[in-house]
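Okay, structure first, notes after.
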Amino acid sequence: MARILLAGGAGYIGSHTAVELLNAGHDVIVVDNYSNSSPESLRRVEQITGKQIKQYEADIRNHEKLTAIFRENKIDAVIHFAGLKAVGESVQKPVSYYRNNIDTTLTLLEVMQECDVKKIIFSSSATVYGEENPVPYVETMKRGVCTNPYGWTKAMIEQILEDAAKANPSLSVILLRYFNPIGAHESGMIGEDPMGIPNNLMPYVTQVAVGKRECLTIFGNDYPTKDGTCLRDYIHVVDLAKGHVKAITYILDHCCNEIINLGTGTPYSVTEIVETFEAVNHIRVNHVYGERRAGDLPACYANADKAHTMLGWKTEKTLADMCRDSWNWQKNNPNGYNSKS
Ligand code: NAD
Ligand code: UD1
């Protein structure tokens, strides 16, 4: 059992990871400024697990507050989820994205050093492979050219963490490169709660299904893929969360500096997502085919071997599970955490 600090742990992936860490017997401490989340998610994590989370409302960039939190709790490892993540918004507000995402990382590293905490896992993204690398993506490939400031923050943070680990061999770092997380906890109590119009596919699909949006536009059907729509490696958020528990077990036992893909290795097209969602949930999703979205790649999927051999982790959930659980969350919480439930 260890004490794990989740920076940005009230968000979509952090809250699901908190459930799995608590179920595995770890203590969880969450620091979040709720800029893109609500403390309600943590209340529900406590309800699901019957265990308590120590929670702090604070900006990770606040050096003084963060130091006090680290001094108050004997932290064994940090998982760094805290960041702004909307690709389109990052193009409009690049400075806020660089400021928030880079500064959270630097402050965490400084405070960790001052408080003698030597293990950090970072939420990176498949986006760092860029356009140059062929699919499936393998961790040994060089980082590519990112298509937006959000992606660049991930690439830069990876570099910062690698340099910090090189300079300080007692610092252990695992960079987890997520592919496309969707789905929700099977209880339907926690899930993805995007603010405003969703940018990502699955929240858009569920909001059309629940009647909040009229119609999904599928961005492009002339890609060189089996049905002309883009291929992605969708991963159930609970599988992803379990990957973090495995990564924690590994980092607690090893002094390491590793990059690990968290994906299924199996790509699905946008049309397959919509059709599976409709079939599993017996509900229509109005959709039309539209123009390509700038910056989208035809295909993005993982070689997931390293996570299997190194962490002993493999995804267990199917695409049908992902579609069912996404819908279960949305229909139980049509307005996200603001719904009465
Ligand atoms: P999320 O927005 O739901 O969670 C991020 C959390 O960080 C939020 O609770 C937010 O309030 C908090 N936060 C942001 N800035 C903060 C700050 N300065 N101080 C304190 N808290 C702060 O996002 P998510 O989907 O759970 O993603 C978690 C991480 O994984 C992010 O870094 C994201 O970039 C990365 N990631 C996500 C995806 C995805 O598709 N969801 C894919 C690849 C990588
Ligand atoms: C995007 C980001 C990635 C980020 C991830 C999670 C890029 C290149 N990638 O991944 O960095 O980590 O979001 O925030 O920006 N689609 C539609 N209609 C919609 C929405 C999406 O057809 O309304 C399609 C897209 O064209 C894409 C697929 O669905 O083919 C998945 O899109 P999305 O959920 O936005 O994820 P990515 O673009 O893969």
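The values are calculated or read from the model by the stated rules, or taken from the named source; none is laboratory data. Just so it is clear, the structure is predicted and the values come from calculations on it, not from any experiment. So basically every Cβ, Gly included, is an ideal-geometry build from the backbone, and we count neighbours across all protein chains shown. Each accessible area value is taken on the protein alone, full model and side chains, heavy atoms only, with ligands, DNA and RNA left out. Shrake-Rupley method; radii C 1.70, N 1.55, O 1.52, S 1.80 Å.
Only one residue of Thr271, Val91, Val238 has its Cα farthest out toward the positive end of the dipole of the chain, where Lys and Arg carry +1 and Asp and Glu -1 on Cβ, and that residue is Val238. With respect to the chain, whose longest principal axis is taken over its alpha-carbon atoms, helix 237-253 is tilted by about 20°. Measuring max minus min along each principal axis, the C-alpha atoms of the range 61-130 give extents of 38, 24, 14 Å (largest first). Between the listed residues Tyr34, Val208, Ile218, the Cα displaced farthest toward the positive end of the dipole of the chain, a dipole computed from Cβ unit charges relative to the Cα centre, is found at Tyr34.
Of the trypsin sites (Lys or Arg not before Pro) found in the range 1-104, those that fall in a DSSP loop while having at most 13 other beta-carbon atoms within 10 Å are Lys74. Charge dipole of the chain (Cα centre as origin; +1 on each Lys and Arg Cβ, -1 on each Asp and Glu Cβ, all else neutral): 320 debye, rounded to the nearest 20.
Per residue of the chain, what 222 nm ellipticity follows from adding -39500 (n - 2.57) for every DSSP H run with n ≥ 4, rounded to the nearest 500?
Working: 10 runs with 131 residues, N = 341.
Helix contribution divided over all residues of the chain: -12000 deg cm²/dmol.
May I ask which residue of Gln159, Ile174, Thr249 lies farthest towards the positive end of the charge dipole of the chain, with charges of +1 (Lys, Arg) and -1 (Asp, Glu) on Cβ and the Cα centre as origin? Result: Thr249, furthest along the dipole toward the positive end. Restricted to Cα atoms, the range 250-341 shows a radius of gyration and a Dmax of 17.7, 50 angstrom.
Near Ile235, the amide H atoms lying under 5 Å from its own belong to Asn180, Ile182; only residues 5 or more places off or on other chains count, and H is placed 1.01 Å from N.
Accessible area per residue for the range 234-341, computed on protein heavy atoms with a 1.4 Å probe, is 46 Å². Karplus-derived 3J(HN,Hα) values for the range 94-105, using 6.51 cos²θ - 1.76 cosθ + 1.60 with θ = phi - 60°, are x, 5, 4, 5, 5, 4, 5, 6, 6, 5, 4, 5 Hz; glycine and proline are entered as x.
Work out the FRET efficiency for Glu110 and Lys212 from their Cβ-Cβ distance, taking R0 = 35 Å, and round it to the nearest 0.05.
Values: r = 42 Å, r/R0 = 1.20.
For Glu110 and Lys212, the calculated efficiency is 0.25.
With respect to the chain, whose longest principal axis is taken over its alpha-carbon atoms, helix 63-72 is tilted by about 70°.
Which of the trypsin sites (Lys or Arg not before Pro) across the range 161-230 are loop residues per DSSP, with 12 or fewer other Cβ within 10 Å? Write down the numbers at each step before the final one.
Numbers: sites: Lys166, Arg177, Lys212, Arg213, Lys226; in loops: Lys212, Arg213, Lys226.
Filter output for the range 161-230: Lys226.
Only Lys, Arg, Asp and Glu count, each charged at its Cβ (+1, +1, -1, -1), so figure out the dipole size of the range 185-263 about its Cα centre, rounded to 20 debye.
Values: 6 positive and 10 negative charges, 20 e Å.
For this selection, approximately 100 debye.
For the chain, give me the percentage of DSSP beta bridges that are antiparallel, rounded to the nearest 5 percent. Rounded to the nearest five, the antiparallel share is 5 percent.
Rolling a 1.4 angstrom probe over the protein heavy atoms with all chains in place gives the range 1-117 an accessible area of 43 Å² per residue.
Using only Cα atoms, figure out Rg for the range 177-324 and give it as a multiple of 2.2 N^0.38 Å. Cα Rg divided by the expected 2.2 N^0.38 Å: 1.12.
The chain: percent of C-alpha pairs farther apart than 35 Å? Numbers along the way, then the final one.
Working: 9705 of 57970 pairs.
When all Cα pairs of the chain are counted, 17 percent exceed 35 Å.
For the range 70-155, what is the number of Lys pairs with C-alpha distance below 28 angstrom, counting only pairs 8 or more positions apart or on separate chains? Taking the Cα cut-off of 28 Å, the pair count is 15. When +1 charges are put on Lys and Arg Cβ atoms and -1 charges on Asp and Glu Cβ atoms, the dipole computed for the range 1-133 relative to its Cα centre reaches about 240 debye.
Percent relative contact order of the range 205-341, based on C-alpha pairs within less than 8 angstrom and at least six residues apart? Intermediate values should be presented prior to the final figure.
Working: 194 pairs, mean separation 50.8, N = 137.
Result for the range 205-341 is 37 percent.
Taking 10 °C and 1.306 mPa s as conditions, the range 1-104 diffuses translationally at an estimated 113 µm²/s according to Stokes-Einstein applied to its Kirkwood radius (Cα pairs). Leaving ligands, DNA and RNA out of it, report the carbon-plus-sulfur percent of the accessible area of the chain at a 1.4 Å probe. The nonpolar share, carbon plus sulfur, comes to 49 percent.
Stretching Glu131 away from Asp222 to a fully extended chain increases their span by 31.0 nm, per 0.36 nm per residue minus the current alpha-carbon distance. All other residues whose Cβ lies under 14 angstrom from that of Lys314 are scored, Lys and Arg at +1 and Asp and Glu at -1, for a net of 0. Assuming R0 = 51 Å, what is the FRET efficiency of Thr67 and Arg292, from their Cβ-Cβ distance, to the nearest 0.05? That gives a FRET efficiency of 0.60.
If eta is 0.692 mPa s and T is 37 °C, what Stokes-Einstein diffusion coefficient results for the range 113-250, Kirkwood Rh from Cα pairs, in µm²/s? The partial results should precede the final answer.
Values: Rh = 17.7 Å.
So the translational diffusion coefficient is about 186 µm²/s.
With the simple spin-label model, which puts each label point 7 Å out from Cα in the Cβ direction, the Val145 to Thr49 separation comes to 4.3 nm. The phi-based Karplus calculation (6.51 cos²θ - 1.76 cosθ + 1.60; θ = phi - 60°) puts the 3J(HN,Hα) values of the range 321-332 at 4, 4, 5, 5, 6, 4, 5, 4, 4, 5, 6, 6 Hz, whole numbers, x for Gly and Pro.
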